[in-house]
Structures are given as C-alpha cells and as structure tokens.
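Let me begin by presenting the structure, written as structure tokens, before commenting on it.
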Amino acid sequence: MSKRSKPRALSTPDAILAFVDRQGSATSTDLAKHLNITRQAINLHLRQLIERGEIVKTGSTRGARYYPATAAPSPDVFSTVFHLSGLDEAEVYERVALTLNLARQLRPNVENIVRYAFTEMLNNAIDHSQADRCHIEVRLEAGKLSFEVRETGIGVFRSIADKLDLSDEPAAMIELVKGKTTTMPEEHSGEGIFFTARAADRLVLRSHKIQIEWSRARDDVFVSTPRFKKGTTVLFEIYRDSRTQLKAVFAEFAPEAYDYQFQKTRVLVKLLQNEYVSRSEAKRLLLNLDKFSEIELDMRDVKYLGQGFADEVFRVFTSQHPSIQLRAINASDSIAAMIRHTGGSVD
C-alpha cells in the first residue's frame, strides 16, 4: 500500500491570499500572527501582491486593511478625451481634482506629487506629441491613485531621435532616462519624466515598440518590447499612503549645493546592455552627460566591463571634464576592480 503524500505547503503569497479571502479582509498584524513571520516580511509580500493587482489596501500605517481584489470597492474615475490645441494642463488638473475631491481624498504630499506628475505628463502631450487629441483617465481607488495619458502622435522616442539626430528609438530612450533631454530647450528643461519617475510608485512609458517601467516596489527599472502601439501612453501610479515628498526628490538631484538646479543624475547602466567592451560603447553611454555636474553610474546587473570601456569612462572622460564628479555605485567586486584599475571611483 503506497504512502499518502503530504499536501503541498502554500507559498507565503498564496497563504496571504487564502487568509484574506477567507476572512474577507485582514491587517498586516493579523497576517503576521497567522503566518508566524515578521510584519516587515509580510509587508514586502503585500506590496508585491498589491502591485500585481491581487489585493487592495485601504487606510494607512497600522490601521491599514487588505482585501481581495474581487471585493474592492469600485474606483472613482475621471475619463475623457481632450483636444490638445490650446489646452491648459493646469486647468485640466483642477477639473480632475474637483471632480474626484483630491484635496480631501489624498494626503498633501501625495496630492502635490499627483499635481506635478499629471501636469508634466499632459504638458508633454500638448507640446511634443503632434497629436490632435489625447485620452485621459484618472482612477482613485481604495489604496492608490493612477492616471493614464494616451495619444497617437509621433511617439516620444521617435520625436527625440528625429530632433536630436540619434540613430534609433532605443538610443532616444537612453537619452531620456539620463535627464535634461528635451526637443524644445527654449521652453522645457527635460526634468519632467526624470522626476516623475522618482516620485511615483510606478511609472510606465510606452511608445511604439519600447516600454520602460520604473517600479519603487522592486527598486528597479525595466525595459521591454511589446507589440507596436502608435503614439505614447503614460501610466502613473502612487499609493495613497505614500510618504514620498516631492521636495525630497528634487533635493536629491537638484540640491542646494547646485543652487537647486538639476545638476545630478543617476544612470542605470544595464538599460543599454549588461556587458561592455569597447570605447564606442562608452562614448554612447556618456553622450550628453557632460550637461551634469555629478553623475552616478549604477552598475547593478552589469556582468562585464572591458578595459577599453572602463578607461574611456573613468579616465578619459574624467580627465576631459575635471569639474564633473563621476562615480560608480552597486558594482560587483569584479566590475569595481576594473573601474579602480582605470582610476575610477566606486561607492
């Protein structure tokens, strides 16, 4: 007679979902006691489940409760199409804020971020898209606010590539994430997407066959190649209990030391590729970075640096621009050794 196999234990995320579904709702303290793990560990799993849309959160701090996504209350939604000619992004935001009562529904720091992000993203559509109209949808849910700005114009990466004479749209994407990239320097500083991405809990920018996503929960940036979609779509999300302060985001990259000007940037090097060998690859990465006074090259997930690449970045570039502080962060031991070999700085 064969032995009966033991039932397979649920993973922690599945156990959380099962408990919340069974109870109808739960706090993080309830879940920590039930699963006998720390609240810190529970909160990490909860964030991931929220990001995947499997549970929703209401309230904040220790009073927060978590519900199955199927039991979430219907969101309040503002959705309409605007003609872009003569449109004023500030007036549109005021209409949204009044309709959804955002001044009362959101914490002041969150409403400040939403106002900034919404007006910046809509202004990009007005000034750069070459589209006639755009669709706007703002959703106020139990645990988060999200908005989408969608138009079918030239496409953000195509516009940058054409006007800055870059080789292709992927090259334009890299320039955009560096910051200070704009096709209208007389009217725009190139700050909007850079700072919005760092204030959001999640920001997705999709145009043609490129999608880039900034995720606070995963502390990472992802590039993918979905099917072709004309124009540009921006999706912004922020949790209603977010503690992020917009002034702190600006202070990190436009600090008092630089007279509050956007003079510091951080480049996630893996977005271009994860192995680098040649000086030409170095020059592509360094293109237009001489606009900054301080540069952090984030080396996470970079697998290999050749001597020629490292020398071009950390010796040649720094000798040509002695006033610019350039350093690498999050480098593996082997990458750090190569950078130091060429005289570079590693934190």
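The values are calculated or read from the model by the stated rules, or taken from the named source; none is laboratory data. What you see is a predicted model; the values in this text were computed from it and never measured. Quick reminder, even Gly has a Cβ in these numbers, built from the backbone with ideal geometry, and neighbours come from all protein chains shown.
Under the condition of being assigned to a loop (DSSP other than H, G, I, E, B), touching a Ser or Thr at 6+ places or on another chain (Cβ under 7 Å) and more than 23 Å from Ala254 (Cα to Cα), the residues counted in region 194-239 number 1. Beta carbons closer than 7 Å, at least 6 apart along the sequence or on distinct chains, pair a first residue in region 43-58 that is buried (at least 20 other Cβ atoms within 10 Å of the Cβ) with a second that is of a type in the set (Phe, Trp, Tyr) for Leu46/Tyr66; Ile55/Tyr66; Ile55/Tyr67; Val56/Tyr67; Lys57/Tyr66. Residues in region 91-106 that are within 19 Å of Ile238 (Cα to Cα) and among the charged types (D, E, K, R): Glu94, Arg104. Scan region 165-190 and report the pairs whose first residue is more than 17 Å from His208 (Cα to Cα) and hydroxyl-bearing (Ser, Thr, Tyr) and whose second residue is at pLDDT 90 or above and part of a loop (DSSP other than H, G, I, E, B), with Cβ atoms within less than 8 Å and a gap of 6+ or a chain change. These pairs meet every condition: Thr181/Asn288; Ser189/Phe262.
Among the helices (runs of 4 or more DSSP H) confined to region 275-347, there are none with at least 3 residues that are assigned by TED's automatic domain parsing to the domain that holds Val221 and in contact with a helix residue (DSSP H, G or I) (Cβ under 6 Å, 6 or more places away or on another chain). None of Ile42, Ile37, Ile50, Ile55 is within 20 Å of Ala217 (Cβ to Cβ), outside the structural domain of Asp241 (by TED's automatic domain parsing) and modelled with pLDDT under 85 except Ile50. The sole residue among Gln245, Gln325, Gln320 that is loosely packed, with under 13 Cβ neighbours inside 10 Å and modelled with pLDDT of 95 or more is Gln320.
Of the helices (runs of 4 or more DSSP H) lying entirely inside region 92-184, those containing at least 1 residues that are within 20 Å of Val249 (Cα to Cα) and either aliphatic (A, V, I, L, M) or within 17 Å of the chain's Cα centre (by Cα) (or both) are 108-128, 169-178.
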